[in-house]
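The values are calculated or read from the model by the stated rules, or taken from the named source; none is laboratory data. Note that the structure is predicted; figures quoted are calculated from it, not measured. Neighbour counts run over all protein chains shown; Cβ positions are idealised from the backbone, glycine included. Note: areas computed on protein heavy atoms with side chains; ligands, DNA, RNA excluded. Shrake-Rupley method; radii C 1.70, N 1.55, O 1.52, S 1.80 Å.
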Amino acid sequence: MHFYTYDGSFEGLLTVVFEAYERKEWPDQIGKAGEAPAGIFATHHFIPTQEAKAKRVWQGLAKKLSQAALENVYKTYLWEQPGCEMLLFRFVRLVFASPQSGIEENFAEPVVQKIAAIGKQMFREKHRMEAFIRFQRTQDGLFVAPINPDFNVLPLIVGHFEKRYADQPWLIYDGRRAYGAYYDLEQVQLVSIEELPKSLKKGQLPTDLLTEVEPLYQQLWQVYFDHVNIPERKNRKLHLRHMPKRYWKYLTEKKPRVQAHQPIQNKQLPTGVYRLQP
């Protein structure tokens, strides 16, 4: 039994693929450095990351896969669920064993079905993160948004926010994976915070870090959200489908109200003013 380990990076995983082909020893299990093999008789191989080898594997995949399928390979790595490395490796072997391109459409292969399903899962999580992220402004002018996604989608959403909020510095921080993306008006860098405030894990920055007007802005957003809501059209089941509860702690509109909501009363038209007929 061959147990391959790597440093946890995507390039490291691609290097494992290259080394397996070079050694002609297919792994029975792939894991991150420090993980114990499943069997006591497993032969352990730690594969150091080599950019050149990883690049050759990626270029080889690019020749045989569509752009969407190639992205799904990367998304499978970001999926981070147990066994994702071996799933990716089996898919890569299938791609390279195929004499022609288009293997990603062969849904008779279980591994192809699984990779496609993972791509859809990652797309949904990415889309929700782009929609549900709420920034909070700190006293030094930095806009901070805590997140806690099920999958590691931060690398997938950075481009969206870099284009949309190019005129302000921001930090999107993944509390579950203890790293974030920091934009300084010029470029995005990956950063890590040594001592993460407990309140950040709950979706809220400490009040002493926020600018004085931030609570007011949050309250204004809540008022707007309340007033555009139509109670008569309430559909909780549909609401939970599009906005699952696990995202609520990061949404300003879902946090407790500082001031009770007062609905706007319907106003009567002044005397002498008539509605125009269509």
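For the residues Pro99, Pro48, Pro215, a GNM of the chain with alpha-carbon springs under 10 Å puts the largest fluctuation on Pro99. Each residue of segment 152-167 is assigned a 3J(HN,Hα), and the resulting list reads 7, 9, 3, x, 7, 9, 4, x, 4, 6, 5, 7, 6, 10, 6, 9 Hz, derived from the Karplus form 6.51 cos²θ - 1.76 cosθ + 1.60 (θ = phi - 60°), x at Gly and Pro. Sequence-distant contacts, meaning Cα pairs under 8 Å at least 6 residues apart, place the relative contact order of segment 2-127 at 26 percent. Of Ala108, Ala69, Ala42, the residue with the greatest mean-square motion in the GNM of the chain, using alpha carbon springs below 10 Å, is Ala108. Placing unit charges on the Cβ atoms of the charged side chains and taking the dipole of the chain about its Cα centre, the candidate lying farthest along the positive direction among Leu209, Val57, His2 is Leu209. What do you get for the angle between helix 84-97 and the principal long axis of the chain? Use alpha-carbon atoms, 0 to 90 degrees, nearest ten. Rounded to the nearest ten degrees, it is 60. The phi torsions of segment 107-123, fed into the Karplus equation with coefficients 6.51, -1.76 and 1.60 and a -60° offset, translate into couplings of 6, 6, 8, x, 5, 5, 4, 5, 4, 5, 5, 5, x, 5, 4, 5, 4 Hz, rounded to whole numbers, with Gly and Pro shown as x. Note on Phe96/Leu220: beta-carbon distance plugged into 1/(1 + (r/R0)^6) with R0 of 45 Å gives a FRET efficiency of 0.20.
Taking other residues whose beta carbon is less than 14 angstrom from the beta carbon of Lys63, and scoring Lys, Arg as +1 and Asp, Glu as -1, yields +2.
Helix 67-79 axis versus longest C-alpha principal axis of the chain: approximately 90°, rounded to the nearest ten. Put simply, the amide H of Gln136, placed in the peptide plane, has neighbours under 5 Å in Val144, Ala145, leaving out anything fewer than 5 places away on its chain. Surface composition of segment 151-213: carbon and sulfur make up 50 percent of the accessible area, probe 1.4 Å. Rounded to the nearest 5, the antiparallel percentage of DSSP beta bridges internal to the chain is 50%.
Taking the dipole about the Cα centre of segment 1-135, with the C-beta of Lys and Arg at +1 and of Asp and Glu at -1, give me whichever of Trp79, Gly102, Tyr21 is farthest to the positive side. After comparing all options, I get Gly102.
Rounded to the nearest Hz, the phi-derived 3J(HN,Hα) couplings of segment 214-231 under the Karplus curve 6.51 cos²θ - 1.76 cosθ + 1.60 (θ = phi - 60°) are 4, x, 5, 4, 5, 5, 4, 5, 5, 4, 4, 4, 5, 6, 7, 6, 10, x, where x marks glycine and proline. Exposure check, 1.4 Å probe, all protein chains in place: Asp140 carries approximately 120 Å² of accessible surface.
Less than 5 angstrom separates the built amide H of His45 from those of Phe3, Tyr4, Thr5, all sequence-distant by 5 or more or on a different chain.
Among residues other than Glu22 with Cβ under 13 Å from its Cβ, the summed charge is +2 (Lys and Arg +1, Asp and Glu -1). Taking all protein chains as shown and a probe of 1.4 angstrom, Ile30 keeps an accessible surface of around 10 Å².
For Lys249, the lysines whose Cα falls under 17 Å of its own Cα, not counting residues fewer than eight places away in the same chain, are Lys198, Lys201, Lys202. Taking all protein chains as they are arranged and a probe of 1.4 Å, the heavy atoms of Trp221 leave approximately 90 Å² accessible to solvent.
Once C-alpha pairs closer than 8 Å and six or more residues apart are averaged by separation and normalised to the residue number of the chain, the relative contact order reads 12 percent. Here the contact order of segment 1-64, divided by its residue count and restricted to Cα pairs under 8 Å and six or more residues apart, works out to 50 percent.
Of all aspartates and glutamates in the structure, the ones whose alpha carbon falls short of 16 Å from that of Lys63, not counting any fewer than 8 places away in one chain, are Glu71, Glu104, Glu105.
With everything on Cα atoms, drop me the angle between helix 10-23 and the longest principal axis of the chain, reported from 0 to 90° to the nearest 10. Result, in degrees: 20.
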